[in-house]
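The values are calculated or read from the model by the stated rules, or taken from the named source; none is laboratory data. Owing to the predicted nature of the structure, the values given are computational and were not obtained by experimental measurement. For neighbour counting, all protein chains shown are included, and Cβ atoms are generated from backbone atoms with ideal geometry for every residue, glycine included. Accessible surface areas use protein heavy atoms only, side chains included; no ligands, DNA or RNA. Shrake-Rupley method; radii C 1.70, N 1.55, O 1.52, S 1.80 Å.
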Amino acid sequence: GTTNPEAKLHILESSSPDGLIIDSPGWPIRRIIQRGGVIVEAFVGYDTRHFFSFRDKIMRITKPTIDFTDFNPAGIADQWSLRVYGCIYIPTPGTYTFYLTTDDGAIFWVNQDYRLVNQWRDQPPTTYTVSFSFPSSGWYPITIDHYDNVGGERLLLEWSGPGISRSIISSYYL
């Protein structure tokens, strides 16, 4: 492999519903994404300055959906942060609506370039509705940063789009 920080991933095929085929200098061509959920990394504490919330990792797991209530990573009930990431499979090009429910703060990106929700603040369970147009079917990276200060916690991602009624995004698409 390579440790070159300038090395880039090259997507060779993203429209296959069975995975994303990539090439990276120094590594064999391979499929890196398969259906089945997202990766969740939990960190001790959080900071009102988003960037500083992801220092001391306490766990890394996979979850089939983004539907958490009182998550309590490693038995910690309050003052922690999560980074949830993976890819979403878009079966049909078009405009999709995402419904992100969060208690407390959350930031939601698509394609690492498009920040759809930016609500890094204490709040009761609140749902944010945003739309995004996908030019083609295929796999798209998503990331949600989330934190809980005190009290209950909630993180839920739902969607609707061409041929899809509002629902939790199943592991078939994650």
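Before moving on, here are some points about what is shown:
- Members of the stretch 78-119 found to be open to solvent by 40 Å² or more (accessible area, probe 1.4 Å), assigned to a loop (DSSP other than H, G, I, E, B) and in contact (Cβ under 8 Å) with a residue 24 or more places away in the chain, listed by number: Asp78, Gln79, Pro91, Thr92, Pro93, Asn111, Gln112
- Checking every residue in the stretch 51-71 against the condition of being under 15 Å from Ile144 (Cβ atoms), of a type in the set (S, T, N, Q), open to solvent by less than 50 Å² (accessible area, probe 1.4 Å) and at pLDDT below 90 gives at least one match.
- Unique match (being of a type in the set (Val, Ile, Thr) and within 20 Å of Gly37 (Cβ to Cβ)) among Val150, Val84, Val117: Val84
- Single match in Asp47, Asp145 (criterion: in a strand (DSSP E or B) and open to solvent by less than 50 Å² (accessible area, probe 1.4 Å)): Asp145
- Only one of the listed residues (Asp145, Asp122, Asp113) is of a type in the set (D, E, K, R) and over 14 Å from the mean Cα position of the chain (by Cα). That residue is Asp122.
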